[in-house]
Amino acid sequence: MGKLVCAVCGRPFPQGQGIALELAGKNLQFHNKDCAYRFLRQLVTEVDSDCISGQVKRLIDLYEERLNEAAKSKQKKI
Ligand SMILES: [Zn+2]
């Protein structure tokens, strides 16, 4: 198996480890969560907020719904 190179810090790591992400038609590789987070955080802070505001709201709603459902099923058990 070949080695991959982290897109953020340049550290080589073996295939099957790290985090792979396909973004805008590019295959990105990160050697760990910290490097992936650094990349993604920079991406979302630099991207035009009008482009992602709908998606941000959708994700907030999605997780809110999940939390509500989790809270509900907890109540049923008690
Ligand atoms: Zn890295």
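Bear in mind that the values in this text are calculations on the coordinates, not laboratory data. Just so it is clear, the model here is predicted, and its values are computed rather than measured. All Cβ positions, even for glycine, are placed from backbone atoms using ideal geometry, and neighbour counts span all protein chains on display.
Expressed as a whole percent, the proportion of Cα-Cα pairs in the chain lying more than 19 Å apart is 56%. If the cut-off is 18 Å between C-alpha atoms, which lysines fall inside it for residue 26, apart from same-chain ones fewer than 8 positions away? Of all the lysines, those that pass the test against residue 26 - Cα under 18 Å, at least 8 places apart if same chain - are 3.
Placing pseudo-labels 7 Å out from each Cα toward the beta carbon at residue 67 and residue 24 gives an inter-label distance of 3.1 nm. Taking Rh as the Kirkwood radius computed over C-alpha pairs, what is the Stokes-Einstein D of region 1-46 at 4 °C in a medium of viscosity 1.567 mPa s, expressed in µm² per second? The estimated diffusion coefficient comes to 121 µm²/s.
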